[in-house]
Each structure stands twice: as structure tokens, then as C-alpha cells.
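Notes follow the structure.
The values are calculated or read from the model by the stated rules, or taken from the named source; none is laboratory data. This is a predicted model, so every value here is computed, not measured. When we count neighbours, we look across all protein chains shown, and the Cβ atoms used for this are built from the backbone with ideal geometry, even at glycine.
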Amino acid sequence: MNVETREKLYEGKAKIVYATDQPGVIIQYFKDDATAFNALKRGTIVGKGVVNNRMSAALFERLARAGVPTHYLGTLSDREMLCRRLQIIKIEAIVRNIVAGSLAKRTGLEEGTPIKAPVVELYYKSDPLGDPMLNDDHVRMLKLATPAELAWIKRMALKINGVLRPHLKKRGLLLVDFKLEFGRSGKKLYLGDEISPDTCRLWDVTTREKLDKDRFRRDLGGIEEAYQEVYRRLVGEQRA
């Protein structure tokens, strides 16, 4: 699709969204800027935008083949993705397969503890409030989604996990947990945002080395190398 970039619609912590001359179509531009702890920590991960754009495209294509509706329409350049314009639902769905991060702090379970059945958590997408956790009653109270939409989000989150987990494991990556965002276009719901080392915890299957944004959060060093390694395994090799 030939599109013309128009005005900037939104600039977030990791991406810039532009309008196009095509109705209902936007461009996501992926930046190298990195933030953590609700933007209290800021920095730059060189090449991150390229990795996140290309990895997201590869995984959106894989999910589409599995019947998951996504906003992805095509890749325009190393940093630009063509997407369906969505009305984003202000709920972040976190799928957890292994205990890590805030789940370890909240439960007292040791980081790295396997979770027998994946856990889906809901968070209110609100920077001023620090993205607090929600339950179904809160979603209803805040009118963030209908009961049918929320049920679909939870069901789709588990379906996406069921597709991505084995796909990544074949490439030597453990999908520890990951964040998903969804949105509306007309009467249909779609997966939006991105799937990348910014939004996923990814560990090496054998060594359990962290290959994601935790290296930035926890000052572990080797951030660019970790992102490039994920890129090499997922995009540099032929996709299944």
C-alpha cells in the first residue's frame, strides 16, 4: 500500500504515531528511547527501534496465521510499521508463565518459579496513576470494556500465549511474561501496540540469561547485545 505520512497524532515513550492519507491507517515509528518504572528511569538503547519493529512484524505475521486479528498491515522501513488505526482499550493484559518482576514481589514466590497454568492480569493503562492492577469489577466500574470484550481479551491473551510460547522456545527463548494491548476498529477487536523485548520478558532456555528490557531496568549491562540476540534468533533466521 502506497501511503503518505501526515501529521503526528501521538508521541509515547517508545513510539510516534502518524496519520496517513489513507482513512483508518496509521504509521508507527519505533524510537530508541527507553523508559522504566513509569518513566522515572530514562535512557537510550541503540538500535532498539529497529529490533522492536522487525520483531513485532514477524510475530504479528505468525499470530495472523494462527487466526489472531492484529493491527499490523505491513512494514514500511526498519523503524516504520503500517497499522490499522484502533481506539485503544485502556487495559493492559499481562500473561505470566514464570514468576518474575512484580509477581515475585506480590506473592513472595521466588523469581523463576514455573506457573502451572498461565496467569492473566489486568492493569489500567494510565501513566498518571502508575498503571494499577484491575479486576473485572473495576473494568465494569470504569466502563473500560464490556463484559463480552473483556472475556474476548482474556481468551485472546491465552491464545496468543499458546502460539508464541512454543514459537519462541524453538528459538531458544523462554516467554516468561508479556504485555498485550487491544483496540476497537468499528465493531471488531484487534491486537495492537507491539511484541518485543520492551513488552516481553525473554530468557535464554538453557542459561536463563535475561534478553529483554530487564537488563535496562536492573542495570545489568549488555542491553543492546541482548536485543540484537533476540533479533538474530527471531528475525535473522527463517520463520516457521
For Glu225, the lone unmet condition from (1) without any contact (Cβ under 8 Å) to a residue 40 or more places away in the chain; (2) of a type outside the set (Ser, Thr, Tyr); (3) more than 20 Å from Ala58 (Cβ to Cβ) is (3)
Of the residues in the stretch 1-30 that are hydrophobic (A, V, I, L, M, F, W, C) and assigned to a loop (DSSP other than H, G, I, E, B), the one that is surrounded by the most Cβ atoms within 10 Å (Cβ to Cβ) is Ala14
Here the residues within the stretch 183-222 that are surrounded by fewer than 16 Cβ atoms within 10 Å (Cβ to Cβ), among the basic types (Lys, Arg) and either in the same structural domain as Gly24 (by TED's automatic domain parsing) or in a loop (DSSP other than H, G, I, E, B) (or both) are Lys187, Arg208, Arg218
Over the stretch 143-157, the set of residues touching a residue at least 40 places away in the same chain (Cβ under 8 Å) and exposed (fewer than 14 other Cβ atoms within 10 Å of the Cβ) is none
Discussion item. Residue under question is Arg62, and the condition is that it be outside any loop (DSSP other than H, G, I, E, B) and either within 16 Å of the chain's Cα centre (by Cα) or outside the structural domain of Leu202 (by TED's automatic domain parsing) (or both); does it hold?
Written reply: yes
Over the stretch 162-182, the set of residues touching a Leu at 6+ places or on another chain (Cβ under 9 Å) and crowded, with 19+ Cβ neighbours inside 10 Å is Leu164, His167, Leu168, Leu173, Leu174, Leu175, Val176, Asp177, Phe178, Leu180, Glu181, Phe182
Here the qualifying pairs (Cβ atoms under 7 Å; residues six or more apart or on different chains; first in the stretch 176-191 and of a type in the set (Ser, Thr, Tyr); second in a strand (DSSP E or B) and surrounded by fewer than 20 Cβ atoms within 10 Å (Cβ to Cβ)) come out as Ser185/Arg84; Tyr190/Arg84; Tyr190/Gly183
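Each row is one residue, and each column tells you yes or no for (1) closer than 22 Å to Tyr190 by Cβ; (2) aliphatic (A, V, I, L, M); (3) touching an Asp or Glu at 6+ places or on another chain (Cβ under 8 Å).
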| position | (1), (2), (3) |
| --- | --- |
| Leu9 | yes, yes, no |
| Val17 | yes, yes, yes |
| Tyr29 | yes, no, yes |
| Val50 | no, yes, yes |
| Ala64 | yes, yes, no |
| Gly67 | yes, no, no |
| Thr70 | yes, no, no |
| Glu80 | yes, no, no |
| Ile89 | yes, yes, yes |
